[in-house]
Structure formats: C-alpha cells, structure tokens
Amino acid sequence: MKKLINHPQNVPAEFLAGLALAHADILKVCLDPVYVVRVDAPVPGKTGIVSGGGSGHEPMHVGYVGKGMLDAACPGQVFTSPTPDQIEAATRAVNGGAGVLHIVKNYTGDIMNFEMAAELCQERGIEVRAVVINDDVAVEDSLYTAGRRGVGVTVFAEKLCGAAAQRGYDLARVEALCRKVNGNGRSMGMALTSCTVPAAGKPTFELGEDEMEMGIGIHGEPGRERMPLLPAAELTARMAATILADLPFRGGDEVIAMVNGMGGTPLMELYLVYGELERILRGLRIRVARRLVGNYITSLEMAGCSITLLKADDEMRALWDDPVLTPGLQWGI
Amino acid sequence: MAVGKPEVLKWLEVLQQVYAENRQWLTELDSAIGDADHGINMDRGFTAVKAELAAHPPSEIRSVFQSVATALIRHVGGAAGPLYGTFFLRAAAACPRKTEIEAADVVALFQAGIKGIEQRGKAVGGDKTMLDALLPALDAMRKGLENGCSLAAILDAGAVAAHAGMLATVAMQAHKGRASYMGARSIGHQDPGATSSYLLLKAAADTWRS
C-alpha cells in the first residue's frame, strides 16, 4: 500500500484537521463525536440539511458543507457509516427550530445508524425527516436485495435541497423535493482498478489488466458483471442505455448530467466520456441543461467513472443555479 | 454454574482478543462479498469496549451490557455497530438485577439480544447474515435448557449450532446487506457477519465452561 498517510487508523481524523484548516471560512470540524458543520450554524428558522456516510468518497459529504448545500456532514471511518451519536450531535447543532432533513444513501449500515439517530433526536423534540437515496441502476431492486445503492444522485440531492432550504422551504417541502430528485435521477458506475482501504492495507478486489467491472459500487463492492475492457464510446453507450431505459428518459427531456471520476481517473478521460455521453443524448433529443464533470463522489484511488442523469424541471434548474459555497462546489457567490 | 460479573467481564476481554486475532480473517471474508471493513470495525469496537469498561467499571452485570452497547454503537459504525449494539442493549434490558445469573437467564438474554438484531436489521434466516449463525444457536440453547442441560452444555450446543450455521452461509445467496448487491455471485463465500457471531458464542462457551 502506497498512500500519503501517517498511520492507517488516523486517516479520518487527520484529513478532517486539514479540511478545517483549509476551509475555516466555510466550515468547522467538531470532535467527540465527529461532525463537520457550517460556520454559521444553526441558521434560525432554516430547515437543516444533514448527510453523512463513510469517508473515502470526498468531496462527498464533508466537502459539501457550506452555504447553499449541507449544514452538517457526519464522516464515518473509511467506507463505514457514521454512528448515531455523531448524527444526533450534528442534527442538534444545525437545528434552527425548523426541523432537519437527513439525506441517507441506501446502505444497510447507513440506514440503521440514521434511524437510531432520528429516534434519539425525536426524543429530544427535534423534528427529523429522512429521505433515502437509491439511484444505482446496476443493482436489481427487489425484495431479495438490500435495494439499489445510493450514489451520484446524492450530490444532486444535497445541492438542490441545500438551495431550497436556503430559499426558505420548510421541512415538508424540502423532503418532497428530495424525493422528487431521487425519483427522477439514475446512475451507473464502472471500475478500471480496485481501491485500497487504508486500514485493510491491500486492494479490495483484483481486476486483470484487460478487465473492467461494470456496475461497480462506491466501496469497491463488485458490480453486475466483469468483462473485457471496451473503448470509451462503447462503454459510455452501454451505461447510458441502462440508465436511460430505467426511468425512462425520453426525447424532449432536459437533464442535469454528471460524469464522475472514482478518484483515480484523469479529467482528460472524464471529459472524453462526457463528450460521448452528450453526443448520445443529443441523438435522442435529450438536452443537457447543466452538468458536472470531475471527481464528486469517489471511491478512494479507484479508476473508473460513473454517469448520473437527473430529469430536471424548472424548479430543479433554478435551484441548481442558486449560489453555493462549499469546498466541493462553488458558484454564484 | 452461574455467571457473575467477573465471568461477564472475562467474556468481553476474550472477545477483544478474539476479534483482534481474527481481524484479518473477517476483513478478508468481507472483501470477497462486502466492503472489506468488518474485522477492522469489530476490532475497533471491542477495543473501545475494553477501554470503556476500564475507565468506568460498571457496578452490575446489566450495566456491563449497557456500557458494551454504548461503546459498540459509538465506535463500530457500519451495520455491525447498530446490530451488535442492539444485541447488548436488549441483553441488558433482559438481564435480571442479580449478582449471578443462571442458565435460564443467560438463554433469555441471548434470546432478547438476537430478537433485537432481527428487528433492527429486518433480516430473516437464510438471508446470509449474522442471523444464520445466531438463530440456530438460539434454538440449540433453548433445547438444551428445556432438557435440563448445564450452562456449559447449553453454550457448547449454541456454539456448535452457530458454527454449522456459519458454514451453511457459504451456499446461500445474500438477500440483505452489501453482499446482496452481488446476487448469485455471493454464493460460495462465507458470511463475515455470521462468522463474527459464531466467534461471539464460541467465546462465551469457552469462557463460561467451569
């Protein structure tokens, strides 16, 4: 294992110390229990937005704390969900009296820890609603699995709900928006290489030189199929086809699109994939109204990419353009 | 025999060693079908339990279990934190306020803990989870109790059943947790949660036999 670290166990605490120093104008890091919070929290009368999950996906979630996005994020150990005491403390810290929305990715551990935290908050009289994001089309959604994983749409949900809360939407309206975003967004990912959890010290899985894992999750958990590496045009077409057929997206739709790196992919390759994607969408008369190309929801040093499409209406487009000031997304300010 | 606070503390001390020794094995099992953190998380959790019990020695058996639950919930994360945390929380609630607990009490608190895991995780037997070790173990322990067996024999029966249940997860397809995302590819791998649950029962059987 080659990583820029001191000791594997200390990675989360030490990277958060750096984050706090680098972005002291935007956020602060609280310890024991650990959470990252907007400098000006709680904002009186504003619906609070809290998310969280394992570390190793940066900039998600801690890099999305700031004005116009998350009020707080709870980072767990690498690829391990945060604990209820962290989530409860963060929720209390951001509650401006208008209640708090939890944006939770659909993983068994995340769901259970957020549920336990919500119970603790409700005992303290804080109104909490939770929306579970489950946009990964690579996973069969059935009674016989844990359901679809929460991936790229989480970034869109945090941006749009954060903007809505900043505009003054109450908890019920922010929750409804979050459900609408989740319902209209779909993602799929693929990996060229594995990733190494610092405390594990070796790659989570092995991929041959000429292989790729189609439908990879963001924790190195295997996808739906291991197959020979395809040219970018073909693999983009394959991922796009699976995503487009699922909602389904239709000619005339407007979308917010994301081509996301997994942490180890050069931007050059991500723009190449984006070019292929927009060409495919234009051919189907689907207009890309807004887009992100870069590393937004990563899997340590994994190489590969994911594609997320969100069918966007006027409300979502307007909220997308609202100002945002976080380490990971900044515009309009 | 009966189990007093020293025996309960001994069990937890052994568990800390067991999860430290098996950290790599559990993590390797989790690499195959999950996210490669189970051994790391269990080791961290029970190390925190040890520290918590040393820093704040509980006065009675029930409060030992409460401290364990809090430490696990705060330090494990993932799915294992809430699940094992709930196990000890429910065990604490089911634990009578006595200085020594009898075989029937021990079975009752395992039963309460395992029911708690069922409720929290919403899994059933055959889903390739911790429950595939715990539910057969509970059955075996209840039978042992009904047949008037000694606590040592009851716990041995539980550990043997948990071991068989753990091995049976190899042939199962996962329906819960991250392994379920693999579909049929989860078949052929032993479930790491069932494995850590077997280790939990095995340690109790080994510790409380005399």
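I'm checking my understanding of the structure. Among residues of the stretch A:62-91 that are assigned to a helix (DSSP H, G or I) and within 16 Å of the chain's Cα centre (by Cα), which one is surrounded by the most Cβ atoms within 10 Å (Cβ to Cβ)? Among those that are assigned to a helix (DSSP H, G or I) and within 16 Å of the chain's Cα centre (by Cα), it is A:Val62. The lone criterion from (1) outside the structural domain of A:Val104 (by TED's automatic domain parsing); (2) surrounded by fewer than 20 Cβ atoms within 10 Å (Cβ to Cβ); (3) of a type in the set (A, V, I, L, M) left unmet by A:Ala24 is number (1).
A quick yes/no check of all residues on (1) over 17 Å from A:Val132 (Cα atoms); (2) among the small types (Gly, Ala, Ser); (3) outside the structural domain of A:Ala176 (by TED's automatic domain parsing):
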site	(1), (2), (3)
A:Phe15	yes, no, yes
A:Lys28	yes, no, no
A:Tyr35	yes, no, no
A:Pro42	yes, no, no
A:Gly52	no, yes, no
A:His57	yes, no, no
A:Arg92	yes, no, no
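Filtered by the rule that a residue be away from chain B (no Cβ under 12 Å) and either free of Cβ contacts under 8 Å to residues at least 24 places away in the same chain or of a type in the set (Gly, Ala, Ser) (or both), the stretch A:83-117 gives A:Ala90, A:Ala93, A:Gly96, A:Gly97, A:Ala98, A:Gly99. When you look at A:Glu221, is it surrounded by fewer than 22 Cβ atoms within 10 Å (Cβ to Cβ), out of contact with any Pro (no Cβ under 7 Å at 6 or more places or on another chain), part of a loop (DSSP other than H, G, I, E, B) and within 14 Å of chain B (Cβ to nearest Cβ), yes or no? So A:Glu221 fails the test.
Table: residues versus (1) modelled with pLDDT of 95 or more; (2) in contact with an Asp or Glu (Cβ under 9 Å, 6 or more places away or on another chain); (3) surrounded by fewer than 24 Cβ atoms within 10 Å (Cβ to Cβ).
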site	(1), (2), (3)
B:Lys10	yes, no, yes
B:Glu13	yes, no, yes
B:Gln16	yes, yes, yes
B:Gln24	yes, no, yes
B:Ala32	no, no, yes
B:Leu83	yes, no, no
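The residues in the stretch A:150-174 that are touching a strand residue (DSSP E or B) at 6+ places or on another chain (Cβ under 9 Å), surrounded by fewer than 24 Cβ atoms within 10 Å (Cβ to Cβ) and basic (Lys, Arg) can be counted, and the count is 0. Of the helices (runs of 4 or more DSSP H) contained entirely in the stretch B:113-210, those carrying at least 1 residues that are of a type outside the set (Lys, Arg) and within 14 Å of another protein chain (Cβ to nearest Cβ) fall at B:131-146, B:192-207. Scanning the stretch B:46-72 for residues that are at the interface with chain A (Cβ under 10 Å from one of its Cβ atoms) and either closer than 19 Å to B:Leu199 by Cα or surrounded by 23 or more Cβ atoms within 10 Å (Cβ to Cβ) (or both) yields one hit, B:Leu72.
Residue check: is A:Leu309 touching a strand residue (DSSP E or B) at 6+ places or on another chain (Cβ under 8 Å), over 28 Å from A:His23 (Cα atoms) and surrounded by 21 or more Cβ atoms within 10 Å (Cβ to Cβ)? For A:Leu309, the condition - touching a strand residue (DSSP E or B) at 6+ places or on another chain (Cβ under 8 Å), over 28 Å from A:His23 (Cα atoms) and surrounded by 21 or more Cβ atoms within 10 Å (Cβ to Cβ) - is met. No other residue among B:Gly81, B:Gly121, B:Gly126, B:Gly116 is in contact with a Phe, Trp or Tyr (Cβ under 7 Å, 6 or more places away or on another chain), in contact (Cβ under 8 Å) with a residue 24 or more places away in the chain and not hydrophobic (A, V, I, L, M, F, W, C) apart from B:Gly116.
When residues in the stretch A:248-274 are screened for being more than 16 Å from A:Arg285 (Cα to Cα), part of a loop (DSSP other than H, G, I, E, B) and in contact (Cβ under 8 Å) with a residue 24 or more places away in the chain, 3 of them pass.
The values are calculated or read from the model by the stated rules, or taken from the named source; none is laboratory data. As the structure is a computational prediction, the values presented were derived from the model and not from experiment. Methodologically, a virtual Cβ is constructed for each residue, glycine included, from the backbone with ideal geometry; neighbour enumeration extends over all protein chains shown.
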